[in-house]
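Here the structure is laid out as structure tokens; the discussion comes afterwards.
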Amino acid sequence: MGGNHAVCGAAAWTAVASRVEIPLGSAAWLDAPWQAVTGARLPETITVGLGLIAAEPAGFLAGLLVCAGAALLPDADHRHASIAQALPPVSRWLCARLGRVAGGHRQGTHSAVGLVVLAVLAWLTGLWAWEAGRVGGVDLGTVYPGAGLAAVLLVSLAAKALRFIPDTMRRTPWVLGVAAGAFVGLAGPEDQRWFVAAVVLGAAAHVAGDLLTTGGCNILWPLRLRRPRAVSRVPLLGRLWRPNGNLAVPLLGSTGSRREWMLAVPVAAYALAGTGASAAALLLGPAALAGLPVPLPR
């Protein structure tokens, strides 16, 4: 289910780093029932997104690419996951070894400790940055070589997980990854926190998604608090606390269920809206999108 994780990472970045103004002029028919419930008129617009990362359209897309790829990192503990198929047999060998260190699937890499480790690694990677200034008459601003190199791997993983490239074109994800890595290195947001935020947000979106399935995750790793037999007789608690010690809020049922795919569709639509509007603003200029709900920070 690597594709769903990548899409959730992209949607999470869109929600946190964008600020969308949705006009409600076409929903005037809702004004009367809205007044009946709230006692106030329907607002002219609804703001969606937090806009916490200051970024131009190019920086927004750079963070989105990193966040979508980072959403696959927690599954590096499983030798059959999407990330393990990125560069076989080396990637499979690394994932198998990491799975042993992490205590198995959905343990260390799906825990609070795992997210902290990723944050530290992302912070160290993001330290490699410098002010490039003007090169050939173009002001490059701050360049992030570390983020660019990391993005080569992350974008390659996302491209392979989304499966829009045939298996016969095995090298194509890496070609896209190199191109995207160069873009990320040059176009990263000026906010120095962006790379750490994108990596941790993507990984957290993955863990949150797995928590919503019946398998759950061991958030408290390296502790493993196995469920006492008596707890299994308590209906709600027995479902939330798995026999192996994992925590689960199984609203989506088993991995790959119909409910998971039903959630993935609107999430993907939201991520695509953010990507499309930002790409259009980058190519045409923000003025070309004036008056439209553009998912860009304030």
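Can you tell me the accessible area per residue over the range 1-130, all protein chains present, probe 1.4 angstrom, in square angstrom?
49 Å²
Before I look further, what does the range 183-230 give for accessible area per residue, probe 1.4 Å, in whole square angstrom?
Per-residue accessible area for the range 183-230 comes out at 46 Å².
Would you mind computing, in nm to one decimal, how far apart the modelled labels at Val249 and Leu124 are, each placed 7 Å from Cα along Cα→Cβ?
Using points 7 Å along Cα→Cβ, the separation is 3.3 nm.
Can you give me the long-range amide H partners of Gly141? Hydrogens built in the peptide plane at 1.01 Å from N, cutoff under 5 Å, separation of 5 or more residues or another chain.
Amide H neighbours of Gly141: Ala132, Gly133.
The values are calculated or read from the model by the stated rules, or taken from the named source; none is laboratory data. What you are looking at is a predicted structure, and each value in this text was computed from that prediction instead of being measured. So basically every Cβ, Gly included, is an ideal-geometry build from the backbone, and we count neighbours across all protein chains shown. All accessible areas refer to the heavy atoms of the entire protein, side chains included, with ligands and DNA or RNA removed. Shrake-Rupley method; radii C 1.70, N 1.55, O 1.52, S 1.80 Å.
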